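Undergrad: What follows is a structure written as structure tokens; I'll ask about it next.
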Amino acid sequence: SSKQYENIIASSPEPGVALVTLNRPKALNALNSALFAELNEALQFADADREIGAIVITGSEKAFAAGADIKEMKDKSFSDVYQNKFLETWQQITTIRKPIIAAVSGYALGGGCELALMADILLASSTAKFGQPEVNIGTITGGGGSQRLARAVGKSRAMELTLTGRTWSAREAADWGMASRVVEEEKEGAVVREAVKLAAEIASKSQLAVQAQKEAVNVAFEQGLSEGLKTERRLFHMTFATADQKEGMAAFAEKRKPNFTHS
Ligand code: HXC
């Protein structure tokens, strides 16, 4: 995408890959409403673009995002935030069909940590510092932190982390299963390059299979086991209506590479 934004940079560093870079460096990528509106627009755009198979969200070396914008929030009243559904548009990210990879270096605090938790895959640079410090400013997680963090790291850790507001490391995030792995930041930008490589690999598969697979895994976080298994089986059966399943299995039998048409 070549569209110009104020608070993010949208690019395509590799065929099939959309890269969204949060870009409010002076505020450590604090997530204000304008940034979030642009992020949602760029994600919808990438989701609708047939050339794109996977999406990477990243920030800067110093900060993935230091949280929701405290200066924007501080004077809001209850009726402001309730009646204007403050931050409810964050949920739009969960409607994106294509896989989203968060490439996190530096601070991922508050809403920044919650944004990273919304991604399908989280790659943590060795420089990453995660935290849910809302308790320190008299509020609580509001972008899914309590729910997604508890599911990712378990109840006791989620309680300890959110009740003290202490930060945790990339190593801890990976050991607990919140991040899939740590990328050593030997050279600047290593985690983004790794995320783009991973996104390009995913983008080389059948987009239909990839999106159905993402939908199936997500059901594990939303429904019970028997409903989840039923949904998975329906989605599995659904793939037999696609040209990509015919092509993928024929290519295997004929000992050649598949040529997916995403149809
Ligand atoms: C607004 C922020 C900000 C934030 C940093 N800045 N975080 N502005 N909202 N969340 C601004 C600073 O005010 C400062 O602006 C500039 O970015 C650089 O930050 P410094 O503090 O000078 O940098 P440093 O000393 O390196 O400290 C980095 C930091 C600290 C440890 C990350 O900035 C910090 O603690 N930030 C707040 C973290 C936080 O509490 N996040 C949770 C927010 S609540 P100036 O103009 O002075 O240069 C939240 C709710 C979630 O996220 C609910 C979501 C639905």
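The values are calculated or read from the model by the stated rules, or taken from the named source; none is laboratory data. Since the structure is predicted, the reported quantities are computational estimates derived from the model, not experimental observations. Backbone-built Cβ (ideal geometry, glycine too); neighbour counts: all protein chains shown. Accessible surface areas use protein heavy atoms only, side chains included; no ligands, DNA or RNA. Shrake-Rupley method; radii C 1.70, N 1.55, O 1.52, S 1.80 Å.
Undergrad: Length gain on complete extension for the stretch Trp176 to Arg193, per 0.36 nm per residue less the alpha carbon to alpha carbon distance?
TA: 3.8 nm
Undergrad: Here's another thing I want to ask about it. Give the range of the longest stretch in the chain that excludes all trypsin sites (Lys or Arg not before Pro) found in loop regions by DSSP and having at most 16 other beta-carbon atoms within 10 Å.
TA: Segment 98-165 is the longest.
Undergrad: Let me ask something else about it. Along Cα→Cβ, 7 Å out, is where each label goes; now give me the distance between the ones at Ala253 and Asn136 in nm to one decimal.
TA: Calculated label separation equals 6.1 nm.
Undergrad: With springs only between Cα atoms under 10 Å, which of Phe78, Phe86, Phe45 fluctuates most in a Gaussian network model of the chain?
TA: Phe78
Undergrad: Can you give me the relative contact order of the stretch 138-263 as a percent, contacts being Cα pairs under 8 Å and 6 or more apart?
TA: Relative contact order here is 16 percent.
Undergrad: Sticking with this structure for a sec: Would you tally the net charge around Gly142, using a Cβ to Cβ cut-off of less than 11 Å, leaving Gly142 out, and scoring K and R as +1, D and E as -1? Mind dumping the intermediate values first?
TA: Working: positive: none; negative: Glu88, Glu114, Glu134.
Taking every Cβ under 11 Å from that of Gly142, the sum is -3.
Undergrad: What accessible area per residue comes out for the stretch 1-103, rounded to a whole number of Å², with a 1.4 Å probe?
TA: 53
Undergrad: Past 23 Å, Cα to Cα, is the threshold; run Lys62/Lys187; Lys26/Lys74; Lys3/Lys98; Lys98/Lys155; Lys155/Lys230 against it and keep the listed order.
TA: Lys98/Lys155; Lys155/Lys230
Undergrad: On C-alpha positions alone, give me the angle between the axis of helix 207-219 and the longest principal axis of the chain, in degrees, nearest 10.
TA: Between helix and principal axis, roughly 50 degrees.
Undergrad: What's the carbon and sulfur percent of the stretch 141-220's accessible surface, probe 1.4 angstrom, rounded to a whole number?
TA: About 50 percent, which is the carbon plus sulfur part of the accessible surface.
Undergrad: Note the angle between two axes, namely the Cα long axis of helix 33-48 and the longest principal axis of the Cα atoms of the chain, as a number of degrees from 0 to 90, rounded to the nearest 10.
TA: On a 0 to 90 degree scale, this one is about 0.
Undergrad: For the chain, what does -39500 (n - 2.57) per DSSP helix run (n ≥ 4), summed and divided by total residues, give at 222 nm, in deg cm²/dmol to the nearest 500?
TA: Counting only the DSSP helices, I get -12500 deg cm²/dmol.
Undergrad: May I pose another question? Take Gln92 and Ser12, extend 7 Å from each Cα along the Cα→Cβ direction, and tell me the distance between the two endpoints in nm.
TA: 2.1
Undergrad: Moving on to the next point. I'd like the orientation of helix 225-239 relative to the chain: the angle between its Cα long axis and the longest Cα principal axis, in ° from 0 to 90, rounded to 10.
TA: 50
Undergrad: Taking the simple approach of a point 7 Å from Cα along Cα-to-Cβ for both Glu227 and Asp75, what is their distance in nm?
TA: A separation of 4.4 nm, rounded to one decimal place.
Undergrad: Diagonalise the Cα gyration tensor of the chain and give the resulting equivalent ellipsoid semi-axes, square root of 5 times each eigenvalue, largest first, whole Å.
TA: In descending order, the three semi-axes are 32, 21, 19 Å.
Undergrad: Build a GNM of the chain with springs between Cα atoms under 10 Å: which of Gln83, Gln207, Gln132 gets the top mean-square fluctuation?
TA: Per the Cα network of the chain with a 10 Å cutoff, Gln83 tops the list.
Undergrad: Note down the relative contact order for the chain as a percent, whole number, built from C-alpha pairs under 8 angstrom at least six residues apart.
TA: On the way: 477 pairs, mean separation 43.0, N = 263.
Contact order relative to length: 16 percent.
Undergrad: Below 8 Å between Cα atoms, with a sequence gap of 6+, how large is the relative contact order for the stretch 219-263 in percent? Display every interim value, and only then the final one.
TA: Details: 24 pairs, mean separation 12.6, N = 45.
About 28 percent, as a whole number.
Undergrad: Let me ask something additional. Treating the beta-carbon of each Lys and Arg as +1 and of each Asp and Glu as -1, no other charges, what is the dipole magnitude of the stretch 108-263 about its Cα centre, to the nearest 20 debye?
TA: So the magnitude is around 360 debye.
Undergrad: Just tell me which aspartates and glutamates come within less than 17 Å, Cα to Cα, of Lys255; anything on the same chain fewer than 8 places away is out.
TA: Cross-link targets: Asp244, Glu247.
Undergrad: Size of the dipole of the chain about the Cα centre, Lys and Arg at +1 and Asp and Glu at -1 on the beta carbon, nothing else charged, in debye to 20?
TA: 440
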